[in-house]
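Okay, so here's the structure we're looking at.
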Amino acid sequence: RDELIEAGDQLQSIGNYHYEVMVRCNLGLLYHLDGNNQAARSTLEHAVFLAQGHGDLRFEALACTRLGYVLAAVDQLSQARRMVERGQQLHDQMGQLYYAVNAVAGLARIAALQGDHESALDHVVTIWETIGGKEMDETIETARTLRTCFTFFDADSDPRAAAVLSMARAQLQHRVSTIDDPEQVEQFWQIEDHRFFQEIVGF
């Protein structure tokens, strides 16, 4: 975290706004994963502001989507929905279909929190029709998106839950196999969405 803060400040000082936004997007997500949603919100709001000021649509989409995660976590659901919809719109506009599914997963979770299970399931079906059987970037957000799909399919006893679980297992096994440091492996499994699948699969 300290390294990201320092990197963001240094990039700001030299006027490298593109990479500054990237760093602040990642810092905001890290705060969120640590449960510090106040810091996450301020960091990501600043990232959105910077991205909009410099016309950086890719990182505006990313920052809006991640800000939506944070707002949903603090029960600001209407604001969360607007942010995530903005992220999805921008990713779709740029043809970034696989990034867009992370935003759609955010919409599914928000719909569920608002008691709209039907809409949530529709979002999940859309995600799986896009990524099922496809090769995806293996990231923290991919794990969260797969968890979202698995949760709704499993709750409905939908056989697609098994396919989602298989995809998540393969991705996580591959990612953890690239980590040599046992301490970092332990940290990997402490991430909530990773631990969710670990407990089901029994890595």
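The values are calculated or read from the model by the stated rules, or taken from the named source; none is laboratory data. None of these values were measured; they are calculated from a predicted model. A quick note on method: Cβ atoms are made from the backbone with ideal geometry, for glycine too, and the neighbour counts reach across all protein chains shown. Surface areas here come from the heavy atoms of the whole protein model, side chains and all, with no ligands, DNA or RNA. Shrake-Rupley method; radii C 1.70, N 1.55, O 1.52, S 1.80 Å.
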Quiz item: Which one of THR178, THR145, THR130 is out of contact with any Leu (no Cβ under 8 Å at 6 or more places or on another chain), farther than 23 Å from LEU44 by Cα and of a type in the set (Val, Ile, Thr)?
Solution: THR178
Exercise. Those residues that are basic (Lys, Arg) and either closer than 21 Å to TYR19 by Cα or in contact with a Cys (Cβ under 7 Å, 6 or more places away or on another chain) (or both), I need them from the range 56-95; list them, please.
Key: ARG58, ARG66, ARG86
Quiz item: Applying the selection to the range 174-194, what residues are free of Cβ contacts under 8 Å to residues at least 60 places away in the same chain, under 19 Å from the mean Cα position of the chain (by Cα) and open to solvent by less than 90 Å² (accessible area, probe 1.4 Å)?
Solution: ARG175, VAL176, PHE188, TRP189, ASP193, HIS194
Quiz item: Cβ-Cβ below 6 Å, separation at least six or inter-chain, first residue in the range 137-161 and under 27 Å from LEU62 (Cβ atoms), second open to solvent by 20 Å² or more (accessible area, probe 1.4 Å) and not in a helix (DSSP H, G or I): which pairs?
Solution: THR142/MET136
Practice problem: Of the conditions (1) surrounded by 14 or more Cβ atoms within 10 Å (Cβ to Cβ); (2) in a loop (DSSP other than H, G, I, E, B); (3) under 19 Å from the mean Cα position of the chain (by Cα), THR130 clears all except one; give me its number. | Solution: (2)
Quiz item: Which is acidic (Asp, Glu), modelled with pLDDT under 95 and open to solvent by 10 Å² or more (accessible area, probe 1.4 Å), of ASP56, ASP75?
Solution: ASP56
